[in-house]
Amino acid sequence: MTRLTLDHLNVGYGGADIVKDISLSVGSGEIVAIIGPNGAGKSTLLKGLAGVARVTSGGLEVDGTDLVPLSPFERAIQGVAFMPQDRNVFRTLTVTENLETSAWGHDDIRARMDEVIALLPTLSGYLNKAAGGLSGGQRQMAALGMTLMSRPTILLVDEPTAGLSPNLVGEMLDVLANLTRHAGIGVLIVEQNARAALTRADRAVVLVDGRLRRVGPAAELAGEPDFGALFFGDHA
Amino acid sequence: MQLILNAIASAAVLAPAAIGFTLIFTLFRYTNFAAGALMTAGAFAAWQMNDLGLPIWLGGICAVAFASGLLMLSDRVVFEPLRGRSGGTLLLVSIALSVIIDNVIRFAYGTQIRAFDLPLRPPLTYAGLRFTPETLSVIGISVVATLAVGALLAFTRLGRALRAVADNPSLSSIRGLPVPRIEAAGILLAGALFGLSGTLAGLDLAIEPNLSWALTIPVIAAAIVGGLGSPLGAALGAVIIGLAEELTVAFISAPYKGAVGFVVIALVLLLRPQGLLGRAVERK
Amino acid sequence: MDAYLVAILTTAAIYVILALALNMQFGLTGLMNFGVVGFYGLGAYSSGIMTETLGQPIVMGMLAAMIVGGTAGALVSLLSIRLSGDFLAIVTLGFAETMRLAFNNEDWLTRGPRGFLIMTRPVLEGLGRDATAWFILGVFLLVAAVVFVVFNRLAGSPFGRVLRSIREDDLVPATLGKNVLAYRLKAFVLGSSVMALAGSLYAHYVQTVTPDNFTTQVAVLVWMSLIVGGAGNMKGAVLGALVVTAIYEGTRFLAPLMEFLTPTQVSALRFIIIGTLLIVVVRFRPEGLLPERIVARPAARDPAPG
């Protein structure tokens, strides 16, 4: 089932559009990876969907609801959960408080917490620590837990593995892939580690200079012989 | 010992306002110099109600409500349209606001010094300490209020949300927190604390329009000593300022009590710019 | 009426000097000094002590005021100048309040709240009453003009451009090898000593100074002048001071129309009006009446004056 639909979407911060003419859809239980070189506008695209950057034209819907006029807060209520790349936890609050606060307006906070901890069991190891004192991996896990507290239908994840050690990168992406399948969430993920992302994603889009260069099944894209050279230079 | 009791009494007057100031600072990142004016407004509201025949505790409740409403109104009319402007601009505006509030009070009540209508009771003595029943109530009310606000912030949903918004407003709205509503709750709470401090100041000192600046500096000093982050720090900062004030009165000269706040701020800035408690404050 | 106009213009000249001094600190350099009255008062008392207690000529009084004001400015700014914005504002405000307490309580030096009588006047001997008033106005206008010309030159000089770039962004001058702290200190001391000079003029003009002449409300008038006129622009500071004096003194004429109000109420009303106007200007015309002309922004790169 298609949950999130982008129709010729343009996004910017007030000046010239940074992301141009994006059409895409994400279904439930599906992971779509956004890959592309630095500065291609990947993060801006996610921010546009979350309401942090401005959609200048085009359509954006989730389950048939028009998101364009909605504020970040209202989009969150509509089930779109955005996990920013940095400053994504409340540093002065404990992990438990971070999770509780992320389910504002709901009466079943306890149940949601249990649910999130069941999905991300490592959280239980540091629930009472202040989020500002967590390691990089713990922090990203806590931030992911926070997004899940609202029981989102669409999860927008901006570089969840940035700054993590290589073994944690795979772990984090596995966790994301698993919970997508279990909870039926549609995930749009921006990821620098393109290869690692493509092995977990269902589909991938390649963004270059703010425009969609390629869209296709992840495995197919990963299999292209000139893939690395085309989009990632040396480090792919 | 007497000195410590006096210090605690001074601290009791300052603590709620210092917490309110810290709350506003952490939510909006500006220094609100109208703190003293709001306290004075609270003191006059309480006095007015008392003068109309209401008992002092009811007058105090009116003062809390009045100052709360006044800060809310100030925010809507003055500060909200300026959100996003520099901290310096907001600071300047808060001084202008303070001048307005002070002079409205002066306009309405003149420069006469007033006091609550309290039954004259002899000072109590206990273990060699002399204190009035009013001192005891001031300390009691302040301690209860401080603990109540501390508990609110630590254990309730609203308290967590207030800390979350203070920590990171944009993440708050992304996570589905109704930020404007939570900010409004913070403003009402801070205003109430100013009103409470004002009433306590009225019990402890005299009520006059010139009170405002004499209150603003020690309140801000207490908040800075407390690290401008945690309400508990602000309360502790108030105790330190109170102690410094009483030491000044005892060993230097009573009139210079008013300079203590400035000197303490200067010392803190020299020795520990992040405040005695708490981490360095991020500044814009 | 003539005498009254002369009096208003004399007051205006003092506000012009104060506004120019604050413009050096805040307008050009971005230093928030809310303790204007601290330096102003310090200048008034220093000058009075010099001429009355120590029997020196008025020029020595003015000099003493500038030295004391500048020194106090250096100390205050050294305390807090590394910390930007709010902290300097708090410290300067606390400084001004502390000064006022000192003026009030150090009777032996300042005669406290009874007021310090100052006989020395900046005039030639043997002038009549009107001529004296005109002469004083002339002296004040001359000082204001000198301060304006010097500060206006400085603002356009490489020094002024470094100050502006410090205000805009501390990093730029630092990367150019400029010692940002030293520049901020210089600007602050310069402003403070000129504020003290204004205090000296004021003291010898009114001839009685009391601590109540130096309340924060006066500082608000100076800030108002700068914000209304246009922070950063020396001409704006002058215009702002004139406008604010006109509003402040003009409201005096309303008093007879409102005889049902007590003098306290009239005075309160004036400050309510001033405070409200300040907020309105900040909100709707933050650049002031004469906005600062921003010539090609990173001017610090260009060493040639222009």
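The values are calculated or read from the model by the stated rules, or taken from the named source; none is laboratory data. A quick note: this is a predicted structure, and the numbers were derived from the prediction, not measured. Using ideal geometry, Cβ is built from the backbone for each residue, glycine included, and neighbour counts are taken over all protein chains shown.
Brief remarks follow.
- Breaking point among (1) away from chain C (no Cβ under 14 Å); (2) closer than 26 Å to residue B:236 by Cβ, for residue B:119: (2)
- The C-beta contact set for region C:133-147 (first residue over 13 Å from residue C:238 (Cα atoms), second residue surrounded by fewer than 18 Cβ atoms within 10 Å (Cβ to Cβ) and of a type in the set (Lys, Arg), distance under 8 angstrom, 6+ apart or interchain) comprises C:136/C:121.
- Residue match in region C:161-169 (condition: of a type in the set (Asp, Glu) and either away from chain B (no Cβ under 14 Å) or surrounded by fewer than 23 Cβ atoms within 10 Å (Cβ to Cβ) (or both)): yes
- Filter result for the condition that a residue is part of a helix (DSSP H, G or I) and surrounded by fewer than 24 Cβ atoms within 10 Å (Cβ to Cβ), over B:14, B:38, B:70, B:54: B:70
- Hits in region B:68-99 (condition: small (Gly, Ala, Ser) and either at the interface with chain C (Cβ under 9 Å from one of its Cβ atoms) or within 17 Å of the chain's Cα centre (by Cα) (or both)): B:68, B:69, B:74, B:86, B:87, B:88, B:94, B:96, B:98
- Being in a helix (DSSP H, G or I), charged (D, E, K, R) and either touching a residue at least 60 places away in the same chain (Cβ under 8 Å) or within 14 Å of chain A (Cβ to nearest Cβ) (or both) is a property that residue B:130 lacks.
- Some residue of region C:83-96 being in a helix (DSSP H, G or I), more than 25 Å from residue C:20 (Cα to Cα), within 14 Å of chain B (Cβ to nearest Cβ) and free of Cβ contacts under 8 Å to residues at least 40 places away in the same chain: no
- Scanning region B:219-262 for residues that are surrounded by fewer than 21 Cβ atoms within 10 Å (Cβ to Cβ), within 22 Å of residue C:104 (Cα to Cα) and more than 14 Å from chain C (Cβ to nearest Cβ), we see that the one that is modelled with the highest pLDDT is B:247.
One line per residue, one yes/no per condition, for (1) surrounded by 22 or more Cβ atoms within 10 Å (Cβ to Cβ); (2) facing chain B (nearest Cβ under 9 Å); (3) outside any strand (DSSP E or B):
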{"position": "A:38", "(1), (2), (3)": "no, no, yes"}
{"position": "A:46", "(1), (2), (3)": "yes, no, yes"}
{"position": "A:49", "(1), (2), (3)": "yes, no, yes"}
{"position": "A:76", "(1), (2), (3)": "yes, yes, yes"}
{"position": "A:86", "(1), (2), (3)": "no, no, yes"}
{"position": "A:90", "(1), (2), (3)": "yes, yes, yes"}
{"position": "A:96", "(1), (2), (3)": "no, no, yes"}
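- Selection count, region A:1-32, where residues are buried (at least 19 other Cβ atoms within 10 Å of the Cβ) and either under 15 Å from residue A:211 (Cα atoms) or among the aromatic types (Phe, Trp, Tyr) (or both): 9
- Whichever residue in region B:105-116 is in a loop (DSSP other than H, G, I, E, B) and in contact with a helix residue (DSSP H, G or I) (Cβ under 7 Å, 6 or more places away or on another chain) and, among such residues, is farthest from the other protein chains (Cβ to nearest Cβ): B:116
Conditions tested, residue by residue: (1) within 14 Å of chain B (Cβ to nearest Cβ); (2) in a helix (DSSP H, G or I); (3) out of contact with any Phe, Trp or Tyr (no Cβ under 6 Å at 6 or more places or on another chain); (4) of a type in the set (A, V, I, L, M).
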{"site": "C:14", "(1), (2), (3), (4)": "no, yes, no, yes"}
{"site": "C:21", "(1), (2), (3), (4)": "no, yes, yes, yes"}
{"site": "C:43", "(1), (2), (3), (4)": "no, yes, yes, no"}
{"site": "C:50", "(1), (2), (3), (4)": "no, yes, yes, yes"}
{"site": "C:59", "(1), (2), (3), (4)": "no, yes, yes, yes"}
{"site": "C:78", "(1), (2), (3), (4)": "yes, yes, yes, yes"}
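- Any chance residue C:106 is farther than 17 Å from residue C:212 by Cβ, acidic (Asp, Glu) and surrounded by fewer than 19 Cβ atoms within 10 Å (Cβ to Cβ): no
- When every residue of region B:146-158 is checked against the conditions, none turns out to be in contact with a Lys or Arg (Cβ under 7 Å, 6 or more places away or on another chain), away from chain C (no Cβ under 14 Å) and modelled with pLDDT under 90.
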